[in-house]
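Only one structure is covered here, and it is reproduced in the block below.
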């Protein structure tokens, strides 16, 4: 149970980063659009239930990283649009930095092991 | 989609922040609409497009919960939600809810009402300041009078002189108070008021008694040390109860003069309402008088007698160690005894080295009631605990059935993505809710039950205070009931809740409710076995107690009960002096005998099973003086001529007490058979002499003139053989050769008149009252009751315990049978097809029914087997309360087994017959 929860947390953290980056690149977008974009970019590598996006959106909005309002979509549907706030932009930068760092550290670990094996 | 939308709406309708939910709902709808549109564009047929969209979106329920968890106060909201959901589910099945609530209320009510008594009798402190600072002398409650210079095991009560020695020398006590161990009955009449005196219980206490307890007067003032000096004007403190009930809180009572046994005493104040004295007793004290008024009021100077008659309790100084005070007091005791070396008998001196004392926490008072009822209360606590366990098992069974019925619904929830943890929580919420509901109803039952038990156990004497135990739940009782409810809620809910998580959605959704037939069967069977085992214990216990009670009531008492009426009086309260008594008894005899239909009248200090008796040492003339270890104890009674005929106690040899035994004739005694066996062994007792060491210096005081058949006079020691007993004439005063005056003047104030009516004649109360009034209108009559009632009154508490246990036993039998019925019906229902096949293949209906019944009886047999060792243990626990009845009484155990077996058989037969009456084709079609 606890193990499963940890996995989800990691996943949600990543998902939040993806949402922020998507909004950064594409500007204001509704939930479905964000989901589609994440799907497109990640391909089949990430099998995420689209539903899980909404709790993440709520969390980000509560944190003030994004804001939302009702608007009309491209095909005249009423939809809730999310956009990045100033706070969100800063958060994206920090998280990107953190992420890069983590990735670099992990990469270095793997590199060290590979050398040793030789 | 429609179903989903409805489901979504339903889910949202009962959340608090409707708006957030609404927003989420719309977003989900939009999201799905986008996806469906895309899917349609990609060329999927509409149905498939929707399905794919839903699949892609994933578990709706889990997502929503996740969503909600991120909002507001999720824990509280979930709790509210679960509660609301549980309430709605319970509303939907009222039969289930009511059954469970009632069962629980009975179980929790029974436990709580017994706990109320346990709390009041065993745990509660006196209503005084800082009860934890109070320490008392002695480990047990002793009554009345004990030897002055040597006591068995410990010095538990002391003389006035020893009290003063301790008070003046023990520095560790801020206050050390003394008060009468036995209590007194005063004939009280307000000065100037009309009518005869009424008797009220009271006690003599030292002047610092109330200071030691740290309590303040409700009105007027309480006693102080200056009241407790020789020559101080006699004063008294009245209980709040008496002041309110009899005098309507009349302020003029404070400061007015009351006659106590004809002696004027000023009531100076009223004790606070919650204060019921230093001990919990069935009849709380109504008057408190200073020790030094004792010689004035009672006329027999106990104060300066060497006898021990005072309990001690003290408030220790802050920081003082009770252990070191105890050690110091032991030294003081030895010093005091040594300073009285000259007063001590040879036996006292021989026992000097072993004399010691103990100091114990006294915050709960000196409770003889605790010593008396502790064991009973533990028995009742165990019994009600067992009932509660059976109730839990039963409710757990009901919950399991409910779990089975709800399996499909749970499967659906899980298929929709509900988390298992949440479902368990919901099931638990439901059971805890039921537990608390049952607890609330149980409190009401507990209140009524406690009231009823108290009324039955301690019948209130009109005009006197009832036992100071409140039936209304106190804070600890409320806490107890609440925790019991919560625990039971969890206890019976956790199993079924856990089982819900083991549901495989696919299996359940497959349709047939029979697919996972085996799940849940084992726990339910275990519960039935447990119930049967507990039920057997309770049935046996109630059987044993009932049989013991019957033995008690139907024992050979050795005296006649029919046509005997006991009139209880007290000449002392009417102001009689020792010298006037013989005349008074003669006049009472003549006056009552003149009523038509009365065939005999006699007066005695105590009538049979009156509840009290005097006793002391015996020294037979010609035998060596009894040593300190010799058992020379015998009980005794003082009676007027004709007593033995009046109570129907046959004289086996010699004669009874007669008119010949006057003040100046040879002092005589009639002994019982046990006395003859104990003190004379093979010698002929008639014509021999004995004395009472302690009361007289010699052993030539009484000549044995008759032997009475053994009879039960004592209202205690029922489990022991009848002990040594002797009877002295009321007319003879013990004035011994050394010129010592009557040592026991109190024994001449006889309490009980035995009135015998001729067969067929009837005697009315006014006739008796009139006859006594013609003797002396001031003579107070305490009670008039038949000897039969007096005898059965001795067994009130045993009867109550036996009835309560029987009630609990039958309740548990009903619950266990109900549980077995449920399990059997359920199993029979599952085996419908099997039965159909068997019937089709030629089995008879009997055989089919037998199959089901056998399954049920196997469970009960397992329960009985498990219950047997428990039963034997319970028997041992009851042990001393059975008055000599063998706790492993095979008749009782067999009866319990048969009763349980028969009920189980009937409980199993009903569903078995129903199952086997099905037609084979119908059974097979139901597949």
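The values are calculated or read from the model by the stated rules, or taken from the named source; none is laboratory data. From a predicted model like this one, the values you see are computed outputs, not experimental measurements. Counting neighbours? That spans all protein chains shown, and the Cβs are built from the backbone with ideal geometry, glycine included.
Quick look at the values:
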| item | result |
| --- | --- |
| Selected residue (only one of A:67, A:104 is farther than 19 Å from residue B:64 by Cα, at pLDDT 85 or above and not in a helix (DSSP H, G or I)) | A:67 |
| Conditions (1) within 30 Å of residue B:382 (Cα to Cα); (2) modelled with pLDDT of 85 or more; (3) crowded, with 20+ Cβ neighbours inside 10 Å: number failed by residue B:98 | (3) |
| Wholly enclosed helices (runs of 4 or more DSSP H) of the range B:33-142 bearing at least 1 residues more than 56 Å from the chain's Cα centre (by Cα) and outside the structural domain of residue B:314 (by TED's automatic domain parsing) | B:46-57, B:60-69 |
| Per-region count, the range B:151-174, residues out of contact with any helix residue (DSSP H, G or I) (no Cβ under 9 Å at 6 or more places or on another chain) and part of a strand (DSSP E or B) | 0 |
| Among (1) at pLDDT 85 or above; (2) at positive phi - the single one residue B:417 does not satisfy | (1) |
| Qualifying residue in the range B:292-304 (condition: more than 17 Å from residue B:223 (Cα to Cα) and at pLDDT 85 or above) | no |
| Filtered residue count, the range B:528-566, keeping only those that are closer than 15 Å to residue B:904 by Cα and not in a helix (DSSP H, G or I) | 0 |
| Residue B:878, sole failed condition from (1) crowded, with 17+ Cβ neighbours inside 10 Å; (2) within 21 Å of residue B:840 (Cβ to Cβ) | (2) |
| Flag if residue A:44 is over 13 Å from the mean Cα position of the chain (by Cα), more than 26 Å from residue B:29 (Cβ to Cβ), at pLDDT below 85 and within 14 Å of chain B (Cβ to nearest Cβ) | yes |
| Which listed residue, of B:353, B:361, is surrounded by fewer than 20 Cβ atoms within 10 Å (Cβ to Cβ) and in contact with a strand residue (DSSP E or B) (Cβ under 9 Å, 6 or more places away or on another chain) | B:361 |
| Candidate set from the range A:74-101 (those that are at the interface with chain B (Cβ under 8 Å from one of its Cβ atoms) and in contact with a strand residue (DSSP E or B) (Cβ under 7 Å, 6 or more places away or on another chain)); member that is modelled with the highest pLDDT | A:80 |
| Tally, over the range A:64-73, of residues that are in contact with a helix residue (DSSP H, G or I) (Cβ under 9 Å, 6 or more places away or on another chain) and more than 10 Å from chain B (Cβ to nearest Cβ) | 4 |
| Among the candidates B:580, B:666, residue that is farther than 30 Å from residue B:351 by Cα and free of Cβ contacts under 8 Å to residues at least 12 places away in the same chain | B:580 |
| Conditions (1) touching a helix residue (DSSP H, G or I) at 6+ places or on another chain (Cβ under 7 Å); (2) buried (at least 22 other Cβ atoms within 10 Å of the Cβ): number failed by residue B:236 | (1) |
| Wholly enclosed strands (runs of 3 or more DSSP E) of the range B:585-702 bearing at least 2 residues closer than 30 Å to residue B:759 by Cβ | B:598-604, B:633-639, B:651-654, B:668-672 |
| Flag for residue B:595 being outside the structural domain of residue B:298 (by TED's automatic domain parsing) and within 40 Å of the chain's Cα centre (by Cα) | no |
| Index of the failed condition, residue B:817 passing every other in (1) crowded, with 20+ Cβ neighbours inside 10 Å; (2) not in a helix (DSSP H, G or I) | (2) |
| Pair list, Cβ under 8 Å, 6 or more apart: the range A:98-118 residue under 21 Å from residue A:18 (Cα atoms), other residue at pLDDT 75 or above | A:99/A:17 |
| Residue match in the range B:782-801 (condition: in contact with a strand residue (DSSP E or B) (Cβ under 7 Å, 6 or more places away or on another chain), more than 30 Å from residue B:103 (Cβ to Cβ), assigned to a loop (DSSP other than H, G, I, E, B) and in contact (Cβ under 8 Å) with a residue 24 or more places away in the chain) | no |
| Residues being crowded, with 17+ Cβ neighbours inside 10 Å and either more than 22 Å from residue B:211 (Cβ to Cβ) or not assigned by TED's automatic domain parsing to the domain that holds residue B:242 (or both) - total across the range B:275-296 | 4 |
